[in-house]
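*Asks:* What follows is a single structure, and I will ask about it in a moment.
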Amino acid sequence: MTYHAMRSPVGRFIRRLVVAGLPAVLLLGVGCSDPFIPDYNNPKLPPVIPSQDQLQNQVIGLIGGDREQTAFFILVLETMGRDAYRIDAADPRYIQMPLGTFSPGAFLVDFTWNSTYRTLLGAQLLAQGVEGSPAFTAQEKAAAQGFARTIQGLEYIKLIESRDSLGLPITLGKETVDPIRCKPAVLTYISALLDSAGTNLAAGGSTFPFTLPAGFAGFTTPATFLKFNRALAAKVLVYRGFAAYKTVGNPVDAVQLNAALTALDASFYSITPATPANFRVGVYHTYSTSSGDLQNGNFDRSVIRANPKVLNESEAGDLRLSKIQQDPSYQKALPGNPPSAQSDIIFLNITGPLTPLPIIINEQLILMRAEALWGLNRDAEALVLINLIRQNSGGLLPRTLVSFGGNRLDILREILKQKRYSLLFESGDRIVDYRMFGLYSELGMELQPPVPGPQVIPYPSAEINARGNNLTCS
């Protein structure tokens with residue numbers, strides 16, 4: 001089994017599926033006269049999925065695996081992006097690590113690695129499990145595999161967004177330490193994986209052989225889920241288009257950026273009607289208070305605050321400032337003189353523990369398209385999309401190319417500003433974008449004394465140790 005997040009975490013992943021309704025897996029072949037006792041600490045999913053009920057359980061477990069980490073990823077990456085704080089005097093690591101130095105042994109590092117690889121393994125098992133099953137038609141197998149491989153792509157996106165230039169292991173082998181691949185190879189792999197999933201979905205017939213949660217409303221058939229797949233594919237292609245931007249004379253890969261535009265056209269990208277409701281269309285994780293279910297962990301007004309920079313760097317009159325509220329009665333600060341973090345600003349867009357969190361939404365796609373157009377020197381077209389968001393989401397006056405004074409980098413900064421306020425505390429895109437475009441230093445230094453802070457999350461210590469400290473990517 002692979003060393004990266006594949007030992008006890010896999011057991012936890014499979015146990016979650018068992019709790020979801022797979023106890024029969026543990027009882028197969030066990031009778032009154034059978035002396036064999038299964039290993040209840042490390043239950044195994046069957047290599048072939050025997051029924052639609054079992055497939056349904058594994059699908060829900062797979063989505064649950066991604067949902068489990070989403071709020072945490074957003075909190076950590078938005079702290080790195082200078083948008084959010086978790087100010088807890090009992091655990092200052094939420095501030096000191098994302099804005100100072102990560103410790104490889106910390107749970108902030110471990111969870112953003114292990115939980116994601118657990119979900120990757122679950123997706124791989126699902127795709128393999130339907131292949132040889134007599135319980136499903138060829139179309140149903142293709143649909144299920146397209147779903148599973150799309151989720152795999154989503155997990156790899158999260159991993160590369162958090163580890164970036166460190167690279168990733170991109171296969172789940174057995175009894176081996178999988179090699180670390182450098183970022184360009186990882187991005188190429190994700191694109192191929194999502195394209196393969198897209199081919200599966202196109203052959204998947206008119207319905208899935210399972211039901212998806214409420215947050216996937218509008219994307220519950222192979223054809224509509226393919227639009228979600230293409231949205232993720234576009235995101236990866238934008239990353240590939242700007243992969244060398246900050247390192248080799250600011251070049252872009254026009255082929256990849258044009259491919260991103262094509263993928264967006266095949267996604268649920270839409271600029272009509274130009275309304276906030278349409279901009280919010282997308283795929284979400286939902287939460288509940290049911291026994292054993294999960295709540296949105298980013299609703300905790302006892303400790304979670306907006307970074308004051310969100311308010312200080314905003315444009316007067318921006319309607320999206322309704323997502324935050326400043327109130328001295330909410331003042332929180334870490335001990336110190338001066339404190340390394342303090343804020344009296346709460347988030348209002350996370351209204352409670354059941355507030356859905358987007359996986360990807362139309363407004364994000366619109367601004368991703370603006371990034372791609374800017375990279376292709378199609379500034380006037382990019383500005384149309386910038387103004388679409390400024391006016392309809394922000395209630396702000398449009399800008400003209402003249403207002404940028406011929407500074408193309410300021411056009412990019414405007415795109416990133418719109419992404420910041422449109423996706424506030426709902427996405428980790430801010431740190432990813434500023435790092436990708438070589439603008440990280442513009443986020444500013446925090447803590448006391450001021451330090452630049454980390455641009456990536458390191459590998460967890462268990463991964464480092466398993467590799468004998470050899471973390472060179474290939």
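Residue-by-condition table, conditions (1) in contact with a strand residue (DSSP E or B) (Cβ under 7 Å, 6 or more places away or on another chain); (2) over 19 Å from Tyr434 (Cα atoms); (3) open to solvent by 10 Å² or more (accessible area, probe 1.4 Å):
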residue	(1), (2), (3)
Thr79	yes, no, no
Asp88	no, yes, yes
Ser103	no, yes, yes
Asn114	no, yes, yes
Glu155	no, yes, no
Leu159	yes, no, no
Ser165	no, no, yes
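*Asks:* How many of the residues in the range 56-70 are surrounded by 23 or more Cβ atoms within 10 Å (Cβ to Cβ) and aliphatic (A, V, I, L, M)?
*Replies:* Residues that pass the stated criteria total 2.
*Asks:* Looking only at the range 388-400, decide whether some residue is touching a residue at least 24 places away in the same chain (Cβ under 8 Å), in contact with a Ser or Thr (Cβ under 7 Å, 6 or more places away or on another chain), crowded, with 21+ Cβ neighbours inside 10 Å and under 27 Å from Thr112 (Cβ atoms).
*Replies:* Scanning the range 388-400 turns up no residue that is touching a residue at least 24 places away in the same chain (Cβ under 8 Å), in contact with a Ser or Thr (Cβ under 7 Å, 6 or more places away or on another chain), crowded, with 21+ Cβ neighbours inside 10 Å and under 27 Å from Thr112 (Cβ atoms).
Conditions tested, residue by residue: (1) closer than 16 Å to Ile360 by Cα; (2) touching a Gly at 6+ places or on another chain (Cβ under 8 Å); (3) at pLDDT below 95; (4) surrounded by 15 or more Cβ atoms within 10 Å (Cβ to Cβ).
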residue: Lys417; (1), (2), (3), (4): no, no, no, yes
residue: Leu424; (1), (2), (3), (4): yes, no, no, yes
residue: Phe437; (1), (2), (3), (4): no, no, no, yes
residue: Tyr440; (1), (2), (3), (4): no, no, no, yes
residue: Leu447; (1), (2), (3), (4): no, yes, yes, yes
residue: Ile464; (1), (2), (3), (4): no, no, no, yes
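*Asks:* Suppose we filter Ala148, Ala135 for residues that are closer than 17 Å to Gln56 by Cβ and either touching a strand residue (DSSP E or B) at 6+ places or on another chain (Cβ under 9 Å) or crowded, with 17+ Cβ neighbours inside 10 Å (or both); which single one remains?
*Replies:* Ala148
*Asks:* Out of all the residues in the range 225-245, which are surrounded by fewer than 15 Cβ atoms within 10 Å (Cβ to Cβ) and in contact (Cβ under 8 Å) with a residue 40 or more places away in the chain?
*Replies:* Hits for the range 225-245: nothing passes.
*Asks:* For the range 309-326, what are the residues that are over 24 Å from the mean Cα position of the chain (by Cα) and open to solvent by less than 40 Å² (accessible area, probe 1.4 Å)?
*Replies:* Within the range 309-326, Ser314, Asp318 qualify.
*Asks:* What pairs come out if I take residues in the range 127-138 that are in contact (Cβ under 8 Å) with a residue 60 or more places away in the chain and pair them with residues that are loosely packed, with under 14 Cβ neighbours inside 10 Å and of a type in the set (Asp, Glu) whose C-beta lies under 9 Å away, six or more apart or interchain?
*Replies:* Between residues of the range 127-138 that are in contact (Cβ under 8 Å) with a residue 60 or more places away in the chain and residues that are loosely packed, with under 14 Cβ neighbours inside 10 Å and of a type in the set (Asp, Glu), there is no close pair.
*Asks:* Given (1) open to solvent by 10 Å² or more (accessible area, probe 1.4 Å); (2) of a type in the set (A, V, I, L, M); (3) outside any loop (DSSP other than H, G, I, E, B), identify the lone condition not met by Leu367.
*Replies:* (1)
*Asks:* Looking only at residues that are touching a strand residue (DSSP E or B) at 6+ places or on another chain (Cβ under 6 Å) and not aliphatic (A, V, I, L, M) in the range 281-295, which one is nearest to Ile361 (Cα to Cα)?
*Replies:* Step by step, filter the range 281-295, then rank; the result is Gly282.
*Asks:* Return the residue satisfying two criteria in turn: it lies in the range 157-206 and is under 14 Å from Leu232 (Cα atoms) and of a type in the set (Val, Ile, Thr), and of such residues it is nearest to the chain's Cα centre (by Cα).
*Replies:* Looking at residues that are under 14 Å from Leu232 (Cα atoms) and of a type in the set (Val, Ile, Thr), I get Ile157.
*Asks:* Follow-up. Within the range 407-414, can one find any residue that is among the acidic types (Asp, Glu) and either surrounded by fewer than 16 Cβ atoms within 10 Å (Cβ to Cβ) or within 30 Å of Thr289 (Cβ to Cβ) (or both)?
*Replies:* yes
*Asks:* Let me ask something else. Can you pull out every residue in the range 416-474 that is assigned to a helix (DSSP H, G or I), touching an Asp or Glu at 6+ places or on another chain (Cβ under 6 Å) and of a type in the set (A, V, I, L, M)?
*Replies:* Residues satisfying the conditions are Leu416, Val432.
The values are calculated or read from the model by the stated rules, or taken from the named source; none is laboratory data. These figures come from a predicted structure and were not determined experimentally. Note: ideal-geometry Cβ built from the backbone for every residue, glycine included; neighbour counts use all protein chains shown. Ligands, DNA and RNA are excluded from the accessible area calculation, which covers all protein heavy atoms including side chains. Shrake-Rupley method; radii C 1.70, N 1.55, O 1.52, S 1.80 Å.
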